[in-house]
1. Using a Förster distance of 35 Å, how high is the FRET efficiency between residue 276 and residue 73, based on the Cβ-Cβ distance and rounded to 0.05?
2. Can you compute the charge dipole magnitude of segment 36-161 about its Cα centre, using +1 on each Lys and Arg Cβ and -1 on each Asp and Glu Cβ, nothing else charged? Give it in debye, rounded to the nearest 20.
3. Comparing 351, 258, 310, which has the greatest mean-square fluctuation in the GNM of the chain with Cα pairs linked when under 10 Å apart?
4. Tell me which of 230, 241, 211 sits at the most positive position along the dipole axis of segment 204-252, charges placed on C-beta atoms (Lys, Arg +1; Asp, Glu -1).
5. So if I place +1 on the C-beta of Lys and Arg and -1 on the C-beta of Asp and Glu, and nothing else carries charge, what would the dipole magnitude of segment 223-334 be about its Cα centre? I want it in debye, nearest 20.
6. Based on the Cβ-Cβ distance of residue 353 and residue 43, what FRET efficiency does E = 1/(1 + (r/R0)^6) give at R0 = 25 Å, to the nearest 0.05?
7. How would the chain be classified by its alpha-carbon gyration tensor: rounded, prolate or oblate, with rounded meaning a/c under 1.5 and the a/b versus b/c comparison settling the rest?
8. If packing is taken as the mean number of other Cβ atoms within 10 Å per residue, what is the order of 217-229, 159-171, highest first?
Amino acid sequence: MTEPNRPTVCVHGLGYIGLPTAAILANNGYDVYGYDADPERRAALAAGTVSFDEADLERFIGMALDDGLEIVDSARSADFHLICVPTPYDRDHDQIDLTYVEAAGETIATLLRPGDTIVLESTVPPGTTARRLRAVLEDSGIAIPDAASLVYSPETVLPGDTLSELRENDRLVGAVDGDDCAPVVALYESFVKGEVRTTDATTAEFVKLIQNASRDVNIAFANEIAKLAHEFDIDAREAIAFANGHPRVDILDPGPGVGGHCLPIDPLFLSHNNNIPMLTETARRVNDGMPEYVGKLLLAALDDPQASSVALLGVAYKGGVADTRQSPSLSLSKFLQERCVGDLRQTDPYVDQSEHDIVSLRSALDGADAAAIVTDHPEYGALSPDLFAEQMRGRVIVDARGLLNCNRWEAAGFDVYQI
Ligand code: SAJ
């Protein structure tokens with residue numbers, strides 16, 4: 001339901017970022033047209049149903065649908081066009097697929113009125129906004145920046161906490177050709193409590209990538225420490241805690257690898273099409289190798305892997321969420337299947353039971369020879385050895401998240417291997 005004089009926004013792509021952004025804008029004085037290419041998603045959203053799990057999102061969408069958010073069957077003219085479409089990466093061919101961004105640009109070119117603004121939010125290789133998207137618009141006769149403003153602004157939200165991070169985090173707005181991006185700054189300032197800073201579009205694209213690459217590299221260092229500590233037979237996490245007592249050292253947590261839709265992919269956007277030797281590429285290899293490292297630790301602890309039952313605790317890529325995209329747990333499961341582990345069961349209190357053949361914790365442990373904690377779900381920190389001793393046949397525990405008190409579990413008769 002549009003109201004006269006409220007500025008309008010058309011959001012292209014109603015996924016993990018576009019949908020909450022559309023809802024926040026609708027709740028902050030904008031009339032928002034939400035468009036997604038998937039008709040099923042549009043129908044579900046128009047009925048208030050969200051297909052992914054995100055804190056408080058469904059209730060918030062319901063409020064937005066009552067006040068300013070309209071799910072539309074085709075994109076509409078608006079003062080602002082926000083592009084929040086996927087940019088998939090094909091690992092096998094080292095190709096970044098920008099066709100969704102280009103398609104959105106072509107659609108927007110048919111709708112633009114003088115003075116409208118286009119904001120790209122999707123994660124892209126540096127130069128995409130100023131060169132590729134600009135070319136799409138200019139090929140359609142839209143002169144940038146004279147006829148329309150073109151801006152890049154990355155989201156930095158943590159999946160699972162999207163709504164609060166959209167509001168609380170700082171925001172970077174990058175213009176093309178020194179354009180005045182004041183209207184876009186005002187758009188974000190309508191809901192962002194952090195600082196909204198401005199730069200050029202390519203710097204903004206680069207910043208998004210180096211933020212995620214920085215985290216990936218730092219996690220890889222923690223994983224390398226875990227492997228080294230294992231060689232020296234010392235506790236990696238204790239060593240890291242001592243090291244972090246130094247005022248300028250802040251090492252992250254080792255684990256079974258890095259999942260999600262950002263850290264495993266974004267660093268590759270940096271190294272794409274250049275020959276600079278990249279620390280980030282090494283970090284990717286280290287983190288991608290962790291599920292296999294955990295798998296080998298587990299196999300070495302079993303007398304006869306092919307006759308063994310193994311329970312994997314956690315399928316989500318990180319604790320407290322239902323998201324299984326690029327999850328290290330799925331890679332570990334694939335590795336163990338390839339090694340013909342007799343019977344593999346997966347459990348996860350967050351992930352839908354119909355996905356990935358998930359069973360209850362008790363069923364997963366029933367008669368198992370070994371159990372591996374792969375996801376740092378908060379519930380797993382409170383696990384007690386009693387249930388495991390009661391249900392399991394064997395006594396092997398691999399704790400890839402460092403959640404268990406080893407002394408307690410060893411006292412209960414378990415062999416604990418911790419990362
Ligand atoms: N992980 C570790 N050790 C750690 C921290 C994380 O192994 O010390 C693992 C997690 O278990 C998970 C993976 O890394 O498998 C990634 O989790 P995460 O919480 O670090 O990040 P994401 O992918 O959920 O979200 C990241 C965030 N980026 C940064 O923190 C720099 C988020 O702010 C971004 O908005 C998001 O990527 C994105 O959309 O790009």
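1. 0.20
2. That gives segment 36-161 a dipole magnitude of about 420 debye.
3. Largest GNM mean-square fluctuation: 351.
4. Value: 211.
5. Details: 9 positive and 14 negative charges, 70 e Å.
Here segment 223-334 has a charge dipole of around 340 debye.
6. It comes out at approximately 0.50.
7. Prolate.
8. Working: 217-229: 19.0, 159-171: 17.1.
Result, highest mean Cβ count within 10 Å first: 217-229, 159-171.
Values quoted throughout were computed directly from the atomic coordinates according to the rules given, and no laboratory measurement underlies them. Quick caveat: nothing in here was measured; it's all calculated off a predicted structure. No Cβ is skipped: glycine too gets one built from the backbone with ideal geometry, and neighbour counts run over all protein chains shown.
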